[in-house]
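The values are calculated or read from the model by the stated rules, or taken from the named source; none is laboratory data. Just so you know, these numbers come straight off a predicted model, no measurement behind them. Backbone-built Cβ (ideal geometry, glycine too); neighbour counts: all protein chains shown. Heads up: the accessible areas ignore ligands, DNA and RNA and are worked out on the full protein's heavy atoms, side chains in. Shrake-Rupley method; radii C 1.70, N 1.55, O 1.52, S 1.80 Å.
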Amino acid sequence: MAAEQQDERSAGGDAPDDESGGRPGGSGGGPGGCTGEGEPSYLVLGPLEVRRAGAVCTPSQLKRRALLAILLLHANRMASADMLIEELWDGHPPRSAQATLQMYVSGLRRTLDPGHGRAGGDPRHHPVLRTAGCGYVLHVEPGDLDLDRSRARAALGRDLRTAGDCAAASGAFSAALAMWRGRPLADLGPARLPAYYAVRLEEERLALVQDRIGADICAGRSGEVIAELAELCARHPLREGFHEQLMLALAASGRRAEALDAYARVRRVVVADVGIEPGPGLQAVQRALLGGLRPTGPEHGRCRRPSLLQPAGR
């Protein structure tokens with residue numbers, strides 16, 4: 001182990017006792033690893049965690065956690081060694097990168113299934129982290145990754161929305177969002193993991209929030225989402241979907257003048273920051289409201305579309 005720690009230091013890795021890399025309650029990726037029975041489960045929608053039989057056994061070393069995060073985001077697909085080296089060392093790998101990567105993989109294998117190594121199993125046929133061609137495949141069973149569970153709930157929400165059951169769709173979207181424990185991969189900053197992984201996941205979360213709010217508006221709960229939408233619009237001033245939803249929620253709550261004022265605000269921001277007019281969705285909602293239309297009732301699942309406005313007299 002002392003030689004392994006020295007190798008990791010010389011290759012730009014993190015020693016197991018590095019305070020910046022340690023995780024309370026984790027196994028540190030040492031030989032003991034997770035000792036419980038069954039498949040490990042993984043959490044990436046927040047700080048990275050590995051659990052087995054209720055015990056937290058996340059690797060303590062930052063480089064190993066970063067490697068595990070990349071493999072999880074390529075779960076059940078081959079991740080080439082070249083790609084892993086490129087991303088782990090941000091395009092500037094040490095000369096020993098190939099050997100160090102193999103050492104990190106070996107450590108992860110001990111953490112993810114310690115019994116395999118103790119039994120003398122072939123690491124190329126490890127039950128969880130396998131060698132495949134010029135790279136590695138992390139095998140993740142259905143439901144063992146929180147991101148997969150969230151996406152399954154989101155897919156159910158979209159199906160319910162298409163079927164016209166907006167209230168149930170909102171519940172499914174809410175259940176998907178409940179699996180997010182904060183900023184995805186919050187313990188792995190850009191220095192340890194390419195920023196676009198977290199950016200992509202955050203974009204997915206925002207789209208899920210927008211789906212849930214759209215279902216709430218469709219289900220007749222417009223008044224309940226106005227404050228949340230106002231905050232989202234302030235945080236994401238160029239995300240037009242939230243502004244469109246705010247206008248529709250205000251109009252559905254009988255606050256047509258405020259809905260038009262919301263359009264004026266977002267138009268000023270878009271023109272000042274980007275130099276263009278708002279997109280066609282926002283413009284269509286504004287024109288409809290100026291024409292005296294109001295949102296329809298909750299009989300369908302895509303109520304944020306401007307075409308679903310109807311005359312206010314109906």
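Quick notes
- Across region 74-189, Cα-Cα pairs farther apart than 16 Å form 71% of the total.
- Per-residue packing, averaged as other Cβ atoms within 10 Å, sorts the ranges 193-200, 101-108, 222-229, 89-96 into the order 101-108, 222-229, 193-200, 89-96, beginning with the highest.
- Relative contact order, whole percent, for region 212-264 stands at 33, derived from Cα pairs under 8 Å and 6 or more residues apart.
- Per-residue surface analysis assigns Val44 an accessible area of about 0 Å², computed on protein heavy atoms at 1.4 Å probe radius.
- Local charge for Pro278 was computed over the other residues whose Cβ lies under 12 Å away, with Lys and Arg +1 and Asp and Glu -1, and equals +1.
- Percent carbon-and-sulfur accessible area, region 151-256, ignoring ligands, DNA and RNA, probe 1.4 Å: 54
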